[in-house]
Amino acid sequence: MDNIKKYLKNVGITQKEFAERIGLSRPTLDTYIEMFESGQVIPKERYNIIFKRLFSVQDFSAKEFERNLQQIENLLNRDQKYGTSDLSPEAADYVSLIVRNMTKDFKTDDWNKDVYTFINILISNYHENEIFLHLVEYFIYLNNIREIEDIKESQKSYFANMFKTFHDLLEKPDSYDEADYQAFLNRCIEIKTQKKNKRDERNNNLKERIQMMVAEYEKKGIDLNEEEIIEEIKKQLVQENLNVGGI
């Protein structure tokens, strides 16, 4: 479409209204219109998708255009509600699906908090621990979400061992090797110790940081209360995150 502003006028929507409904300022809308009309890719993925959906077909009636715009508006409002506006559209969709399924489960009488604790552990660790990722991929292929022809050579040993383990559990749920169970307990203790050491290190670092900050303020004749200390630490952490991001 080579004249979006004229098209908007034809379907009865002002540029100001359109900008507001899709969450853009007027200058940004003008920029995106110019880019889209000249065949450029709009840098923000969700708006590239929005413009393609609304303006790739030129013979939408005013009613059809309004229906499509309303659907887009609903998705944008959803993303704002869940705080996912800065995510990719695919990631935002996953957040929405997960929240919907979690909410549905929480409404039952037998929802299990350990399931959600495990999900948090999985999300927090799958980047660093390949076992978590292989476990996920095992169930992805097992449930035909991906085709088994796409299984990689490096995945075969994991999948074979996982299948044997789960199959044996189903066939003989009460059978186990005492040595294996003892190894499991030892690993539990090892992980618990690692977590404690990490927590102690973090607490000591934070304590030292607070002491240094309080001392600096005392040199200036200022005694911080607990709320002020917390706020000051927050400000420092935000600034450090900005610096890491290159801002």
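Things to note:
- Whole-angstrom Cα spans of segment 1-53 along principal axes, big to small: 26, 22, 19
- Out-of-range pairs (alpha-carbon distance over 29 Å; input Lys5/Lys44; Lys196/Lys234; Lys156/Lys192): Lys156/Lys192
- For segment 74-141, diffusion coefficient by Stokes-Einstein and Kirkwood Rh (Cα), 37 °C, 0.692 mPa s, µm²/s: 237
- For segment 16-83, the calculated P(r) over all alpha carbon pairs, in 10 Å bins from 0 to the bin holding the longest distance, is 19, 54, 26, 1 percent.
- Accessible surface of segment 126-192 [probe 1.4 Å, protein heavy atoms]: carbon and sulfur percent: 58
- The accessible area of Met102, taken with all protein chains in place and a 1.4 Å probe, comes to roughly 60 Å².
- Membrane-span-like helices of the chain, defined as complete DSSP H segments with a Cα extent of 24 Å or more along the helix axis and a mean Kyte hydropathy of at least -0.5, are identified as 89-106.
- Gained length - Ser124 relative to Ser96, 0.36 nm times residue gap less alpha-carbon distance: 8.2 nm
- Interatomic Cα distance distribution for segment 94-181, bins of 10 angstrom, percent: 13, 32, 39, 15, 1
- Where the alpha-carbon atoms of segment 1-151 are placed on the principal axes, they occupy 55, 39, 26 Å, in descending order.
- For the peptides 52-62, 214-224, 132-142, the ranking by packing is 132-142, 52-62, 214-224, with the highest mean count of neighbouring Cβ atoms within 10 Å listed first.
- Taking N as the residue count of segment 117-247, its C-alpha radius of gyration divided by 2.2 N^0.38 Å amounts to 1.69.
The values are calculated or read from the model by the stated rules, or taken from the named source; none is laboratory data. Because the structure is predicted, anything quoted here is derived from the model rather than measured. Cβ atoms come from the backbone with ideal geometry, glycine included; neighbour counts cover every protein chain shown. For accessibility, only protein heavy atoms count, side chains too; no ligands or nucleic acids. Shrake-Rupley method; radii C 1.70, N 1.55, O 1.52, S 1.80 Å.
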